[in-house]
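Beneath this line is the structure, given in structure tokens, with notes to follow.
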Amino acid sequence: MSTADAVDREVAWLNTSVNDGLPLLPASAGGPWQNIQAYRARTPGRKSTNIFVLRSHTHLRRTANARRMPTYEFHLKVVWPLTSGAGSAETDQRALDAAIDKLLQRIDGQLGDKSHGGRFLSVAENPDNVTVTYEDPEQTLPMGEFHAEVVYYADDTEITN
């Protein structure tokens with residue numbers, strides 16, 4: 001597999017719209033996210049819930065004389081607009097928490113299969129943590145939205161060279 005398409009493979013997993021027992025994320029499948037895409041858009045859609053999948057690092061770890069294993073550090077930029085119409089920032093923050101919980105369940109994957117449907121060797125297993133960082137609402141509320149970042153790692157299949 002190519003290291004160049006890792007972000008696209010992860011976006012395909014997050015955009016899964018078949019009932020596999022995990023929460024569905026795309027709004028078109030009944031999920032909370034209107035846009036899940038690879039890379040940050042130059043002009044992201046305002047007033048829509050967005051996940052931008054990026055990677056900040058690619059580590060190529062030598063596992064044997066002629067083999068290397070790529071590990072990607074995924075950074076998901078989450079943008080959640082004030083959309084409840086209730087005039088309550090608290091309601092929208094609760095909705096963001098619920099949407100991120102669904103995202104975390106999809107990242108965690110299915111019991112016994114952490115490969116995201118065979119797209120990777122394993123995801124969120126090495127290291128075994130997923131970190132969510134919420135930006136200060138006082139900073140993002142004037143823009144009419146909330147921001148968070150989700151960080152985790154994925155090991156890819158080994159490359160023979």
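Taking only DSSP H segments of four or more residues, each worth -39500 (n - 2.57), what value at 222 nm results for the chain once the sum is divided by all its residues, to the nearest 500 deg cm²/dmol? Don't jump to the answer; show the numbers that get you there.
Working: 3 runs with 33 residues, N = 161.
Taking each H run of at least 4 residues, the total per residue is -6000 deg cm²/dmol.
Calculate how steeply helix 89-108 sits against the longest principal axis of the alpha-carbon atoms of the chain, using the helix alpha-carbon long axis, and give the answer as 0 to 90 degrees to the nearest 10.
Taking the Cα atoms of the chain, the angle to 89-108 is about 20 degrees.
If r is the Cβ-Cβ distance from Met143 to Leu60 and R0 is 45 Å, what FRET efficiency results, to the nearest 0.05? Spell out each step's value before the answer.
Details: r = 38 Å, r/R0 = 0.84.
Calculated transfer efficiency: 0.75.
Excluding Asn161 itself, what net charge comes from residues whose Cβ is under 9 Å from its Cβ, given Lys and Arg +1 and Asp and Glu -1?
Numbers: positive: Arg67, Arg68; negative: none.
Result for the local shell: +2.
7 Å from Cα along Cα→Cβ at both Tyr134 and Asn19: what's the point-to-point distance in nm?
Here the modelled spin labels are 3.2 nm apart.
Mind checking the dipole of the range 1-145: about its Cα centre, +1 per Lys or Arg Cβ, -1 per Asp or Glu Cβ, Debye to the nearest 20?
Here the size comes out at about 700 debye.
Between Asn161 and Leu111, what FRET efficiency comes out of the Förster formula 1/(1 + (r/R0)^6) with R0 = 30 Å and r the beta carbon distance, rounded to 0.05?
Once rounded, the FRET efficiency stands at 0.30.
Would you mind checking which residues have amide H under 5 Å from Arg55's amide H? H placed 1.01 Å from N; only 5 or more apart, or other chain.
For Arg55, the qualifying residues are His75.
Normalised by the number of residues in the chain, what is the relative contact order in percent for Cα pairs under 8 Å and 6+ residues apart?
Values: 302 pairs, mean separation 37.9, N = 161.
Reported relative contact order: 24 percent.
Kindly write out, for the range 132-148 in residue order, the coupling ³J(HN,Hα) from the Karplus curve 6.51 cos²θ - 1.76 cosθ + 1.60 (θ = phi - 60°), rounded to whole Hz, with x marking Gly and Pro.
Residue by residue, the range 132-148 yields 10, 10, 9, 6, 4, x, 5, 7, 9, 4, x, 7, x, 7, 10, 10, 8 Hz.
Once you order the gyration tensor axes a ≥ b ≥ c over the Cα atoms, which shape class does the range 55-140 get: rounded for a/c under 1.5, otherwise prolate or oblate by comparing a/b with b/c? Provide the component values of the computation, followed by the final result.
On the way: a/c = 3.97, a/b = 2.26, b/c = 1.76.
Note, shape of the range 55-140 comes out prolate.
With Cβ to Cβ distances under 15 Å as the rule, what net charge do the other residues near Phe74 carry (K, R +1; D, E -1)?
On the way: positive: Arg9, Arg40, Arg55, Lys77, Arg106, Lys114, Arg119; negative: Asp5, Asp8, Glu10, Glu73, Asp108, Glu125, Asp128, Glu149, Asp155, Asp156.
Residues near Phe74 contribute -3 overall.
Taking amide H atoms as placed 1.01 Å from N in the peptide plane, list the residues 5 or more away in sequence, or in a different chain, whose amide H sits under 5 Å from that of Trp33.
Ala27
May I ask you to list the lysines whose Cα is less than 30 Å away from that of Lys114, ignoring any residue fewer than eight positions away on the same chain?
Output for Lys114: Lys77, Lys102.
Readers should treat all values here as calculations from the given coordinates under stated rules, not as data from a laboratory. Just so it is clear, the model here is predicted, and its values are computed rather than measured. FYI the Cβ positions are ideal-geometry reconstructions off the backbone, even for glycines, and counts take in every protein chain you see.
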